[in-house]
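Here is the structure we will look at.
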Amino acid sequence: MSTKSRLHIPHPSARPGDKPDFSYLNLAPAGSADKPSIDAKPRDIEHLSMNLVRVLDDEHRAQGEWNPNLDPEKLQVGLRWMLLTRVFDERLWQIQRQGKISFYMESKGEEAVSIAQGMALRAGDMCFPSYRNTGLYLYRGTKLVDMMNQCLSNTKDMCKGRQLPVLYHNKEANLFSLSGNLGTQYPHAVGWAMASAIKGEDHIAASWLGDGSTAEADFHHALTFAAVYQAPVILNIVNNQWAISTFQGFAGGERRPFAARGIGLGIPGIRVDGNDFLAVYSATLWAADRARRGGGPTVIEHVTYRGGAHSTSDDPSKYRPKDEWASFPLGDPIERLKKHLIAEGHWSDEQHIEVIEEYRVKVGAAWKEAQKFGTMTDGPFLDPAGMFDDIYAEIPEHLVKQRQQMLELES
Amino acid sequence: MAQMNMIEAIRSALDIVMEKDPNVVIMGEDVGYFGGVFRCTDGLQRKYGEHRVIDAPIAEGGIIGATIGMGLNGLRPVAEIQFADYIYPGFDQVVSELARIRYRSAGEFFSPVTIRTPCGGGIRGGQTHSQSPEAIFTHISGIRVVMPSNPYDAKGLLISAIESDDPVVFFEPKRIYNGPFDGDPEKPAVSWASHPKGEVPRGYYTVPLGSADVVEEGSELTIITYGTLVHVAQAAAALVGVNAEIIDVRSLSPLDTTTLTESVKKTGRCLIAHEATRFSGFGAELVATVQEECFFHLEAPIERVAGWDTPYPHAFEWQYFPGQKRLAAGIRKVMEAQ
């Protein structure tokens with residue numbers, strides 16, 4: 001101990017030019033975590049927030065109590081959706097680089113979170129995603145072309161040209177509208193879940209945010225309300241290690257895992273290998289069953305890695321080693337599920353390549369179709385008069401007047 | 001008809017909408033078992049149960065955020081923020097979420113939350129229990145801002161606010177909860193019993209959002225005001241002996257421009273008064289609106305009377321509060337201008 005106080009500035013384990021170092025990650029062997037019954041008392045399962053729930057081992061076999069024992073067909077479905085997500089992201093990234101959309105955010109490396117959780121939840125459950133849940137929008141039925149129309153702000157844009165690319169919504173599929181402000185969706189999910197309980201329904205809510213956003217007040221409000229009212233909600237923290245340029249230590253991740261954020265409130269926390277499709281699925285199902293049967297909220301931390309840049313406006317080579325993802329000990333969620341299926345004799349490299357090719361064609365065709373409804377440079381264009389709609393349930397007088405002024409100036 | 005003060009009128013409005021619509025729920029600090037620090041929800045939890053009148057943790061951001069979520073799931077929540085001075089932790093949820101959900105989802109999602117919150121001073125509340133932050137909210141497109149000045153309007157406007165599919169921030173001037181206040185703290189308190197607007201129907205009725213009220217008709221000057229100052233303006237006009245038309249804005253946003261401008265076109269003179277601080281206050285918007293619409297009818301510059309641009313002081317409350325003297329001076333200035 002020193003005789004003086006000390007200001008601690010967190011530093012990541014590696015910067016550009018350094019050798020990637022993930023020794024700070026507290027790992028555990030696959031199958032080592034116990035799986036409690038869903039009515040376990042939070043204080044008896046606190047260790048799950050420090051441990052790491054893993055199912056897939058280094059030989060790509062499923063191990064332990066958390067193995068959800070999914071049919072190979074179901075796992076193939078999961079793998080396909082993850083592949084579609086990645087192919088979609090890659091194409092949209094490229095499209096942004098060609099200047100055809102203004103902005104894009106990819107979810108590379110985090111596909112298991114969206115797809116495994118999408119599959120573990122029910123259609124009637126309400127999702128309050130973050131902007132890195134592309135797979136969730138796809139899996140729950142948003143068409144490729146509709147996602148692209150949104151990114152183009154064209155005449156078929158679900159947001160009518162009002163939102164940045166990626167800030168989708170899908171009411172029918174119970175996917176809430178993405179805000180762009182961080183963590184604001186968390187208390188909405190809790191309130192939605194409270195309403196479900198007030199109405200006596202068995203639908204639950206789920207929300208997602210990143211490690212960085214756990215520092216927002218809304219995160220803490222949501223946890224408090226979820227704990228107080230035992231709301232049927234799953235609060236997911238996708239710890240992808242990086243919040244733009246600040247590593248997870250700047251959100252307070254250096255001393256305690258994010259999964260333990262709810263422990264002080266009596267909310268069970270599960271720290272799960274976010275790149276292990278089986279573990280993510282299993283933990284989600286556990287939390288969903290618990291919530292649906294009156295057991296209240298669960299915090300799930302998904303330990304993963306942001307495989308790409310924060311957004312198309314970001315350059316991660318300026319603040320982290322270029323090859324950091326390749327050294328990430330939990331690997332790539334797609335590769336891991338693929339190798340598991342191959343090891344079990346239910347998939348092959350040839351099939352894998354075929355599916356990627358099939359999806360590239362599919363995504364390419366959707367892009368062709370989307371452009372027919374308008375691009376940033378070529379019509380048809382949205383009518384700018386629409387910018388005055390949907391501010392109130394009915395347009396008030398002053399907005400009618402302003403719309404008229406705008407149209408006169410435009411004509 | 002019954003005699004009600006503003007608290008009873010607000011409670012009656014809540015009771016009626018809760019009876020009528022099982023989706024109406026109330027959430028706020030101390031609103032449940034205790035019935036609210038100002039008693040506006042007294043008895044409602046006993047009548048409607050703990051699932052509909054919900055005591056909340058002390059987290060205004062959480063209250064607003066969670067009620068938004070409830071609204072997204074088909075409920076019609078009324079959030080109470082105990083003092084308007086406490087609303088700021090929930091400000092992002094109002095600006096970035098509540099006001100924008102309908103717009104950003106192209107009309108697919110909306111959350112019809114009404115936020116009730118007591119505002120204004122004159123109660124020895126110091127700088128954290130006296131603020132009038134309405135202008136901060138009128139600057140946001142996508143929410144409605146309302147401030148009644150009497151029990152009749154409070155009940156009718158609150159029912160309209162809760163039934164509206166638009167989010168509403170509903171400011172309740174707490175100085176006039178128990179009786180009208182003419183700005184003179186030396187006079188004994190008056191109750192609503194002797195005031196015509198203290199006559200409130202027991203049953204359901206509405207006062208439409210977005211409409212101003214001509215409180216007193218007059219010909220020499222228009223006074224545009226709202227909240228507690230409606231009563232101060234009436235007293236100040238009587239003090240000066242001017243035949244003033246007094247308009248209670250009551251719905252600040254969207255604004256009933258027509259009622260205001262018709263009056264100023266008729267009288268040719270205009271005073272704007274509010275309790276909130278002056279700089280970038282709601283009065284600035286009112287002045288601009290009147291100037292744009294009535295310039296060629298004006299016989300004198302528009303005058304503004306408002307709270308000083310200081311925090312609301314505890315010991316100097318009556319030097320801060322725009323009382324009869326300040327309003328009377330403003331009236332004389334407008335009347336004397338050639």
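Which loop GluC sites (Glu not before Pro) in region A:303-360, with loop taken from DSSP, have no more than 15 other Cβ atoms within 10 angstrom of their Cβ?
A:E344
Going by alpha carbons, how many degrees (0 to 90, nearest 10) lie between the helix axis of B:229-240 and the longest principal axis of chain B?
Roughly 20 degrees between the two axes.
Suppose the chain between B:A284 and B:R202 were pulled fully straight at 0.36 nm per residue; how much longer would it get relative to their current alpha carbon spacing?
Between B:A284 and B:R202, full extension yields 25.8 nm more.
Suppose we keep just the DSSP beta bridges with both residues in the protein assembly as shown; what percent of those would be antiparallel, to 5?
Antiparallel bridges make up about 15 percent of those DSSP assigns within the protein assembly as shown.
Using only Cα atoms, tell me the angle between helix B:257-267 and the longest principal axis of chain B; keep it within 0 to 90° and round to the nearest 10.
Roughly 20 degrees, rounded to the nearest 10.
Take the Cβ-Cβ distance between A:D378 and A:D71 as r, set R0 to 41 Å, and report the resulting FRET efficiency rounded to the nearest 0.05.
Once rounded, the FRET efficiency stands at 0.35.
Kindly state, to the nearest 0.05, the FRET efficiency for B:K333 paired with B:D42, given R0 = 45 Å and r defined as their beta-carbon distance.
E between B:K333 and B:D42, to the nearest 0.05, is 0.50.
At 7 Å along the Cα-to-beta-carbon direction for both A:E254 and A:A326, put a label point, then send me their distance in nm to one decimal.
3.0 nm
Considering Cα pairs under 8 angstrom that are at least six residues apart, work out the relative contact order of region B:213-336 and quote it in whole percent.
29 percent
Can you pull out the trypsin sites (Lys or Arg not before Pro) in region A:279-309 whose DSSP state is coil and whose Cβ has at most 13 other Cβ atoms within 10 Å?
A:R293
Work out from phi, with θ = phi - 60° and the Karplus expression 6.51 cos²θ - 1.76 cosθ + 1.60, the ³J(HN,Hα) of each residue of region A:282-295, listed in order in whole Hz, and give x for Gly and Pro.
Ordered by residue, 3J(HN,Hα) equals 5, 5, 5, 4, 4, 5, 5, 4, 4, 5, 5, 10, x, x Hz.
Non-local amide H neighbours of B:R76 (under 5 Å, H modeled in plane, Pro and chain starts lacking H): which ones?
B:V24, B:V25
Which residues, if any, in region B:81-105 have at least 50 Å² less accessible area in the whole protein complex than in the isolated chain, probe 1.4 Å?
Listed by number, the residues meeting the 50 Å² cut-off are B:Q93, B:E97, B:R102, B:Y103, B:R104.
Please report how far the C-alpha centroid of region A:126-183 lies from that of region B:107-131, rounded to the nearest whole angstrom.
Comparing the Cα centres of region A:126-183 and region B:107-131, I get a distance of 33 Å.
Which angle between 0 and 90 degrees, to the nearest 10, do you get for helix B:324-336 versus the longest principal axis of chain B when only C-alpha atoms count?
50 degrees
Tell me, what is a quarter of the convex hull surface for the C-alpha atoms of region A:302-411, in nm² with one decimal?
For region A:302-411, averaging the hull's shadow over all directions gives 13.5 nm².
Can you give me the C-alpha center-to-center distance between region A:17-91 and region A:267-332, rounded to a whole angstrom?
Using only Cα atoms to place each centre, the spacing works out to 9 Å.
Please compute the Kirkwood hydrodynamic radius over chain A, one decimal place, Å, based on all pairs of different Cα atoms.
It is 22.3 Å.
Rounded to the nearest whole Å², what accessible area per residue is found for the protein assembly as shown with the 1.4 Å probe?
About 39 Å² of surface per residue is accessible.
Taking all pairs of distinct Cα atoms, average 1/r, flip it, and tell me the Kirkwood hydrodynamic radius of region A:174-286 in Å to one decimal place.
Result for region A:174-286, one decimal place: 14.6 Å.
How many square angstrom of accessible surface are buried between A and B, both sides summed, with a 1.4 Å probe and rounding to 100?
Looking at A and B, the buried total is near 3500 Å².
Using a 1.4 Å probe on the protein chains only, how many percent of the accessible area of the protein assembly as shown belongs to carbon and sulfur?
51 percent
List every residue whose amide H lies under 5 Å from the amide H of B:R304, counting only residues 5 or more places away in sequence or on a different chain, with H placed 1.01 Å from N in the peptide plane.
B:I272
Return the loop-located chymotrypsin sites (Phe, Trp or Tyr not before Pro) in region A:79-138 (DSSP other than H, G, I, E, B) with at most 11 other Cβ atoms within 10 Å of their own Cβ; answer none if there are none.
none
Treat each spin label as a single point 7 Å out from the Cα along the C-beta direction, and report the B:S211 to A:Q404 distance in nm.
Between B:S211 and A:Q404, the simple spin-label model gives 2.2 nm.
Can you give the Rg to Rh ratio for region B:226-295, taking only C-alpha atoms and Rh from Kirkwood?
Ratio value, two decimals: 0.94.
So how long is each side of chain B along the principal axes, counting just the alpha-carbon atoms, biggest first, in Å?
For chain B, the Cα extents along the three principal axes come out at 61, 47, 39 Å.
Considering only DSSP beta bridges whose two residues both sit in region A:203-264, what percent are antiparallel, to the nearest 5?
Bridges in region A:203-264 that DSSP calls antiparallel: roughly 25 percent.
Given DSSP loops and a limit of at most 15 other Cβ atoms within 10 Å, what is the longest stretch of chain B that contains no such GluC sites (Glu not before Pro)?
For GluC sites (Glu not before Pro) (loop position, at most 15 other Cβ atoms within 10 Å), the longest site-free span of chain B is B:51-185.
Suppose each label sits 7 Å from its Cα in the direction of the beta carbon; what would the A:S245-A:S348 distance come out to in nanometres?
For the pair A:S245/A:S348, the computed spacing is 4.9 nm.
How big is Rg to Rh over region B:2-200, alpha-carbon atoms, Rh as the Kirkwood inverse-mean-distance radius?
Here the Rg-to-Rh quotient is 0.96.
Which residues of region A:185-222 show a drop of at least 20 Å² in accessible area when all protein chains are present, compared with their chain alone (probe radius 1.4 Å, heavy atoms only, ligands and nucleic acids excluded)?
A:P187, A:H188, A:G191, A:W192, A:M194, A:A195, A:I198, A:K199, A:D218, A:H221
Once the Cβ-Cβ distance between B:D184 and B:D21 is put in as r, and R0 is 30 Å, what FRET efficiency do you end up with, to the nearest 0.05?
0.10
Within 10 Å, at most 12 other Cβ atoms, and a DSSP state outside H, G, I, E, B define an exposed site. Report the longest part of chain B free of exposed chymotrypsin sites (Phe, Trp or Tyr not before Pro).
Here the longest segment lacking exposed loop sites spans B:34-278.
Pull out the extension gain between A:Q63 and A:E335, defined as 0.36 nm times the separation in residues minus the alpha carbon to alpha carbon distance; nm, one decimal.
Between A:Q63 and A:E335, full extension yields an extra 96.2 nm.
Between B:F91 and B:W308, what length in nm is gained on full extension when 0.36 nm per residue of separation is reduced by their alpha carbon distance?
75.7 nm
For A:I300, list long-range residues whose amide hydrogen, built 1.01 Å from N in the peptide plane, is under 5 Å from its own amide hydrogen.
Those lying under 5 Å, H to H, from A:I300 are A:L235, A:N236, A:I237, A:I270.
Pull up the cross-link candidates among the lysines for B:K174, meaning alpha carbon to alpha carbon under 22 Å and not fewer than 8 places away within one chain.
B:K155, B:K187, B:K197, B:K325
From the alpha carbon gyration tensor of the protein assembly as shown, can you work out the equivalent ellipsoid semi-axes (sqrt of 5 times each eigenvalue) and give them in Å, largest to smallest?
Taking √(5λ) for each Cα gyration eigenvalue gives 54, 29, 23 Å.
Each residue of region B:75-90 in order: what ³J(HN,Hα) in whole Hz does its phi give by Karplus 6.51 cos²θ - 1.76 cosθ + 1.60, θ = phi - 60°, with x for Gly and Pro?
Taking θ as phi minus 60°, the curve returns 7, 10, x, 10, 9, 9, 9, 4, 9, 4, 4, 9, 6, 4, x, x Hz for region B:75-90.
Step through the residues of region A:189-196 one at a time and calculate ³J(HN,Hα) from phi using the Karplus curve (6.51 cos²θ - 1.76 cosθ + 1.60, θ = phi - 60°), rounding each to whole Hz and writing x for Gly and Pro.
4, 5, x, 4, 5, 4, 4, 4
The values are calculated or read from the model by the stated rules, or taken from the named source; none is laboratory data. Quantities reported herein were computed from a predicted structural model and do not represent experimental measurements. Cβ atoms come from the backbone with ideal geometry, glycine included; neighbour counts cover every protein chain shown. For the accessible areas, the whole protein counts, side chains as well, though only heavy atoms, and no ligand, DNA or RNA atoms are used. Shrake-Rupley method; radii C 1.70, N 1.55, O 1.52, S 1.80 Å.
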